[in-house]
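The values are calculated or read from the model by the stated rules, or taken from the named source; none is laboratory data. Bear in mind the structure is a predicted one, so any value in this text is a computation, not a measurement. Positions of Cβ are generated from backbone atoms using ideal geometry, with glycine treated the same way; all protein chains shown enter the neighbour counts.
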Amino acid sequence: MGGVRRAARVLKHEAANIPLPPGQVAGLVLDVVLDHLRPVPVSGDRVRRRAAGLALALAGAGLTGWAVSERRRETAGSFALGHPEGLVTSGPYAVSRHPMYLGWWLIHAGVAVNRGSVWALVTLPAGMAVEHLGALWEEAMLRNRFGQPYADYERDVPRYIGSPARLMRTSFQMARRPTPAATAIDVGNRREPVDENAPKGTHTSNPAAKNAAT
């Protein structure tokens, strides 16, 4: 019985870390129900429509999964999705302050396109409106918790998504950004005082910087 209880606790903990925004979950269910009760015919190639819907849904699931993975990767202690340990600005968070919401919007749209449901024209915007209120609340909480670093993050990264040109520019900047080890070496070399009277050939860089590089 002890093993069953431990397994149940683990499952409960992991389930709590699955992002399930209520607006989109309710909207998806309502969309499917309405489409079943009162379907509205949609013209166009069914195969292409389903392929496009599947592509949108997979893209949304991939984005949401990437965001959760990045949050988990940046957490040193016990991972709790609703209680961030630190401010995460890497991965998808470098281009969107709320990539999980964005991912779920793509999932909702993908399911609707796949099914050929026009009800999503109502359920998707309604869910987005609910999540927008949640995003504003989350931002206020993070602003209060992290202070100026979050204010700087708000200034530099759009709430949901920026223009394609901005996305390309941000991706290029991320690719050229130095690694943490290289940054540590650079900072250490700038701050490490050099004894000009030391014998020639004995100058060394910051030991901490050396450790960061290995």
- Item | Top-ranked residue in segment 120-132 [being among the hydrophobic types (A, V, I, L, M, F, W, C) and touching a Gly at 6+ places or on another chain (Cβ under 9 Å); ranked as surrounded by the most Cβ atoms within 10 Å (Cβ to Cβ)] | ALA120
- Every residue from segment 19-31 that is outside any helix (DSSP H, G or I) and in contact (Cβ under 8 Å) with a residue 40 or more places away in the chain: PRO19, PRO21
- Task: Could you list, in sequence order, all residues of segment 62-93 that are assigned to a helix (DSSP H, G or I), surrounded by fewer than 21 Cβ atoms within 10 Å (Cβ to Cβ) and out of contact with any helix residue (DSSP H, G or I) (no Cβ under 6 Å at 6 or more places or on another chain)?
- Result: GLY62, GLY65, VAL68, SER69, ARG72, ARG73, TYR93
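Residue-by-condition table, conditions (1) part of a loop (DSSP other than H, G, I, E, B); (2) within 25 Å of VAL157 (Cβ to Cβ); (3) of a type outside the set (S, T, N, Q); (4) modelled with pLDDT of 90 or more:
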position: SER96; (1), (2), (3), (4): yes, yes, no, yes
position: TYR101; (1), (2), (3), (4): no, yes, yes, yes
position: TRP104; (1), (2), (3), (4): no, yes, yes, yes
position: ILE107; (1), (2), (3), (4): no, yes, yes, yes
position: VAL111; (1), (2), (3), (4): no, no, yes, yes
position: ASN114; (1), (2), (3), (4): no, no, no, yes
- Determine whether GLY44 is at negative phi and either modelled with pLDDT under 90 or assigned to a loop (DSSP other than H, G, I, E, B) (or both). no
- Message: Go through (1) out of contact with any Lys or Arg (no Cβ under 6 Å at 6 or more places or on another chain); (2) in a loop (DSSP other than H, G, I, E, B); (3) among the basic types (Lys, Arg) for ARG50 and report which single condition fails.
- Response: (2)
- Residue under evaluation ALA140, criteria (1) free of Cβ contacts under 8 Å to residues at least 60 places away in the same chain; (2) surrounded by 15 or more Cβ atoms within 10 Å (Cβ to Cβ); (3) over 15 Å from the mean Cα position of the chain (by Cα), criterion not met: (2)
- Query: Has segment 98-108 got at least one residue that is among the small types (Gly, Ala, Ser), crowded, with 17+ Cβ neighbours inside 10 Å and over 14 Å from LEU56 (Cα atoms)?
  - Reply: no
- Query: Between a first residue in segment 32-53 that is in contact (Cβ under 8 Å) with a residue 24 or more places away in the chain and a second residue that is of a type outside the set (Asp, Glu) and not in a helix (DSSP H, G or I), which pairs have beta carbons less than 7 Å apart while being 6 or more apart in sequence or on different chains?
  - Reply: LEU34/TRP119; ASP35/SER117; ASP35/TRP119; VAL40/VAL118; VAL42/GLY116; VAL42/VAL118; ARG49/GLY116
- What is the one condition in (1) closer than 16 Å to VAL25 by Cα; (2) without any contact (Cβ under 8 Å) to a residue 12 or more places away in the chain that GLU85 does not satisfy? (1)
- Query: So which residues in segment 21-47 are more than 15 Å from ALA112 (Cβ to Cβ) and exposed (fewer than 12 other Cβ atoms within 10 Å of the Cβ), if there are any at all?
  - Reply: PRO22, LEU37, SER43, ASP45, VAL47
- Query: Does any residue of segment 87-95 turn out to be farther than 18 Å from ILE161 by Cβ and not hydroxyl-bearing (Ser, Thr, Tyr)?
  - Reply: yes
